[in-house]
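J.: Handing you a structure now.
No lab work stands behind these numbers, since they all come straight from the coordinates. Just so it is clear, the structure is predicted and the values come from calculations on it, not from any experiment. Backbone-built Cβ (ideal geometry, glycine too); neighbour counts: all protein chains shown.
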């Protein structure tokens, strides 16, 4: 059996933008090399302006790289055959607001050459999947931001692509919306699809990604699995206490709100002592959180390092 | 407050308008000087030449319906014979109206006919223009020219038969009685002519026959008088003298009247066309 | 169910995408109020030609025909220019082009689809306006059959103007595109002046340049038979055929250039 090409392969990608009137030069992506394998959820992370959207647009053939190469499923993104197997949701999508949701999806179904009967069936199915059933008859003009994001996802999934590319899929959504999008992305992996998304919101990535790459100023600063993200042992604990805090720890209080006080303790031994001391002091332990280094810590470390290095 | 300002605005505008009306029109009588050449209008019209021609035409109609201007005929020929034809050379209405204004109102027959001539050059298949030119020339007493226009009009496709009658009339007026007779005869004999035409042709031929005979006789009498120092005693004397071949008889079959003392020839036949 | 099991990507027919985009463009236009505003104005003009015609001395039908045909042409050109330059720009400006071109749609299919959609809108406009004009003329007992060649050629002219609007908008912003398209329209109606100019410039290169410009620039006057048909003069069949061939082929060439320019474009 021949070796399957990676679902996404970016090789030494460079994209430079000229400034106004062709003056000045801005390197958006600077030698980006990545591979994503089938069935992965891959997160491209980085602060605003790191080059995430440029990378995604270049991947979709909307921008031509100055140097380097993009391969989707072994094909160039300029080849419609490649794009037929990929679904894409751009950042802050905006769709033809004169269409109704169903007309909109029907249009994209036509672009993929899906026959009429099949189109109808799939549209009903995908609308149910993104939670828009029965709400897609109105024109997109009247859709809320969350609904637009959902119909955008529906559009990206309608033709059952092998690879789904999502640019900031959760930005601008309320907590429920984020949760639903998250579930939808996970469901794609269940269905055997590969998901490639960008985000500057780290919790999203933390909960979803098999692998991430951290992009800073057009360069990959970190690439790897989340398990490999530093030391996964708890680094400290946070304890929520209602009522008075034992005097020994009054100096360790992080925050206090609504009668609940958050105390930070460095290790298990100290934690045990605190748990014992609290009832004696007349307080009550409500919860205990073990804290590990998060993606955010990692992220800040890399971004910070790059900022210093680049300065 | 907004209502006050609004009313203030309305009142101001109204009084301004009143003031302007009192001062009157600042436009000079020479405004037509600024009417651009047709060629420039054609450039400006960008493919809507016919519409531009309509607008100039409509404007000209309104302009020449204003009888207050003293020098209003100065540019008629320019407008109707130059500007509009440059824009729409097939606009027959414009040529005809221009010619009518020139001949009827401005009494400038030559200019009117020039406008019509231009229209005929641009519309060689149209009979209306030469027909109108024929009448204008006819009314101006230019019978030969009129006959030529009628002949041209009659030769166009779709020209009504009446033009041939007009032509024959003009030819008669021009003095060529035999030619006129021949034309009427042609009409009379033409199987395509209707009953009215044939009736008119018959009457005209009768009249012309009388006039031709009288003319022949008068000339013969004149020649006889020059040669012999006296008028002939009877018309038959003219035959004997070799001035005419035979004594003609009028269409009613009666001889022409002759007064030997004065040498005058007359006819007892009915009314004679154009002979007072 | 796995991705490999359902992955049997169809290769949609080349025309399917063009058709879908054309239909969508048509839908966009007919749901836009601007179109109705323009259409209402045009119909108003056509109807008011009846009023204007009462001022004339002579044939009122001529005035109605002139104003009617010119209205069809002028409002068609306005639609061509203002809808034409905004169609492609709007897709880029509102970023809808990202999702569209992320689908298996070639860029030329996008341009051609948009063009076809607008061509359909223009066809609808021309037919509606012509129907109004015909109704007005028939009510007066005028003949209308002779107007058909003029209306056909007006439509061809609109296609050509639209192609230029697409060409300009494939690389310039809407204002520049509109100016460029209007300028092309003006030049297209003045290209005969190169013949006049030719006689006044010195022999050699300048005259050749005049000839080249005269031949290369669109000659929109060739597509204008309005002034003929209103006088009930026939337009010879071969003339109609060649003129239509000229206009359609020219539009095709311009559209090809627009596609090539668009093909090389980045979407920031």
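J.: What list do you get for B:267, B:15 if you sort them by fewest beta carbons within 10 Å? Numbers along the way, then the final one.
T.: On the way: B:267 20, B:15 10.
Going from sparsest to densest Cβ surroundings: B:15, B:267.
J.: Along the principal axes of its C-alpha atoms, what lengths does the range B:128-174 span, in descending order and rounded to whole Å?
T.: 27, 18, 12
J.: Here is a follow-up. Tell me whether the range C:178-268 comes out rounded, prolate or oblate; compute the Cα gyration tensor, take square roots of the eigenvalues as a ≥ b ≥ c, and use a/c under 1.5 as the rounded threshold. Working shown, then result.
T.: Values: a/c = 2.15, a/b = 1.18, b/c = 1.82.
Oblate.
J.: If you don't mind, there's one more thing I want to ask. Considering the Cα trace of the range B:57-137, what is its radius of gyration and what is Dmax, both in angstroms?
T.: Cα radius of gyration and Dmax of the range B:57-137 are 11.7, 38 Å respectively.
J.: Mind telling me which of A:275, A:75, A:62 comes out most flexible in a GNM of chain A, alpha-carbon contacts under 10 Å?
T.: A:275
J.: Using the per-residue mean of other Cβ atoms lying within 10 Å as a proxy for protection, in what order, highest first, do the peptides A:255-265, A:185-195, C:101-111 fall?
T.: Result, highest mean Cβ count within 10 Å first: C:101-111, A:185-195, A:255-265.
J.: Obtain the radius of gyration and the Kirkwood radius of the range B:184-268 from its C-alpha atoms and give Rg over Rh.
T.: On the Cα set of the range B:184-268, Rg over Rh gives 1.12.
J.: Would you calculate the convex hull of the Cα atoms in chain A and tell me its volume per residue in Å³? Spell out each step's value before the answer.
T.: On the way: hull volume 60.8 nm³, N = 311.
Given the Cα convex hull of chain A, per-residue volume reads 195 Å³.
J.: What area, in nm² and to one decimal, does the C-alpha convex hull of chain C cast on average over all directions? The partial results should precede the final answer.
T.: Numbers: hull surface 78.0 nm².
So the mean shadow area of the Cα hull is 19.5 nm².
J.: I'd like the Kirkwood hydrodynamic radius of the range C:27-166, using the inverse of the mean 1/r over distinct C-alpha pairs, in Å.
T.: 16.3
J.: Output the peptides B:141-150, B:257-266, A:169-178, C:197-206 sorted from most to least packed, where packing is the average of other Cβ atoms within 10 Å over each peptide's residues.
T.: For the peptides B:141-150, B:257-266, A:169-178, C:197-206, the packing ranking is B:141-150, A:169-178, B:257-266, C:197-206.
J.: Related question: Suppose R0 equals 30 Å. What FRET efficiency, 1/(1 + (r/R0)^6) with r the Cβ-Cβ distance, do residue C:138 and residue B:196 give to the nearest 0.05? Spell out each step's value before the answer.
T.: On the way: r = 34 Å, r/R0 = 1.13.
FRET efficiency, residue C:138 to residue B:196: 0.30.
J.: How large, in Å, is the range A:113-182 by the Kirkwood hydrodynamic radius built from its alpha-carbon pairs?
T.: Here the Kirkwood hydrodynamic radius works out to 12.8 Å.
J.: Using the beta-carbon distance between residue B:78 and residue B:10 and R0 = 41 Å, what value does 1/(1 + (r/R0)^6) give for FRET efficiency, to the nearest 0.05? Can you show the working numbers first?
T.: Working: r = 43 Å, r/R0 = 1.05.
Efficiency, from the Cβ-Cβ distance: 0.45.
J.: Per DSSP H run of at least 4 residues, take -39500 (n - 2.57); add these up for the protein assembly as shown, divide by its residues and hand me the 222 nm value, nearest 500 deg cm²/dmol.
T.: It comes out at -17500 deg cm²/dmol, rounded to the nearest 500.
J.: If I fit a long axis through the Cα atoms of helix C:33-53 and take the longest principal axis of the Cα atoms of chain C, what angle between them do I get, 0 to 90°, rounded to 10?
T.: Helix C:33-53 sits at roughly 10 degrees to that axis.
J.: Same structure, new question: Helix C:205-216 sits at what angle to the longest principal axis of chain C, using alpha carbons and giving 0 to 90 degrees rounded to 10?
T.: The two axes meet at around 80 degrees.
J.: Now for a separate question. I need two numbers for the range B:85-177: Rg to one decimal and Dmax as a whole number, Cα atoms only, in Å.
T.: Cα-based Rg and Dmax for the range B:85-177 come out at 12.6, 43 Å.
J.: Post the alpha-carbon centroid distance, the range B:117-133 to the range C:197-257, in whole angstrom.
T.: 30
J.: I'd like the orientation of helix C:174-190 relative to chain C: the angle between its Cα long axis and the longest Cα principal axis, in ° from 0 to 90, rounded to 10.
T.: 40
J.: Moving to a separate point now. According to the Cα gyration tensor, what semi-axes, each the square root of 5 times an eigenvalue, does the equivalent ellipsoid of the range C:90-197 have, listed from largest to smallest in whole Å?
T.: Largest first, the range C:90-197 gives 33, 22, 11 Å.
J.: If you don't mind, another one. Can you bin every Cα-Cα distance in chain B into 5 Å intervals starting at zero and give me the percent of pairs per bin, rounded to whole numbers?
T.: 1, 5, 9, 10, 10, 9, 9, 8, 7, 7, 5, 4, 4, 3, 2, 1, 1, 1, 1, 1, 0, 0, 0
J.: So, in nm, how far is label residue A:121 from label residue C:248 when the simple model puts each one 7 Å beyond its Cα toward the Cβ?
T.: Calculated label separation equals 4.0 nm.
J.: So for the range A:181-280, considering every pair of alpha-carbon atoms, how many percent are separated by more than 23 Å?
T.: 53
J.: Starting from the eigenvalues of the Cα gyration tensor, five times each then square-rooted, give me the equivalent ellipsoid semi-axes of the range A:1-132, largest first, whole Å.
T.: So the equivalent ellipsoid measures 30, 21, 14 Å along its semi-axes.
J.: Taking 2.2 N^0.38 Å as the expected size of a compact globular protein, what ratio does the Cα radius of gyration of the protein assembly as shown give against it, to two decimals?
T.: Rounded to two decimals, the normalised Rg is 1.59.
J.: Moving to a separate point now. Remind me, what semi-axes does the range C:36-100 give for its equivalent ellipsoid, largest first in whole Å, using sqrt of 5 times each Cα gyration tensor eigenvalue?
T.: Its equivalent ellipsoid spans semi-axes of 38, 9, 6 Å.
J.: I've got another one for you. Any idea how far the Cα center of the range B:196-222 sits from the one of the range A:129-165, in Å?
T.: Their Cα centres are 100 Å away from one another.
J.: Please check: in the Gaussian network model of chain A (C-alpha springs, under 10 Å), which one of A:119, A:179, A:18 has the largest mean-square fluctuation.
T.: A:18
J.: Starting from one equal scatterer on each C-alpha and no solvent at all, send me the Debye-based log10 I(q)/I(0) for the range C:193-238 at q = 0.22, 0.26 Å⁻¹, two decimals.
T.: Each listed q maps to, in turn, -0.75, -0.87.
J.: Can you pull the Rg over Rh of the range A:136-177, Cα-only, Kirkwood?
T.: Numbers: Rg = 11.3 Å, Rh = 11.4 Å.
Looking at the range A:136-177, the ratio lands at 0.99.
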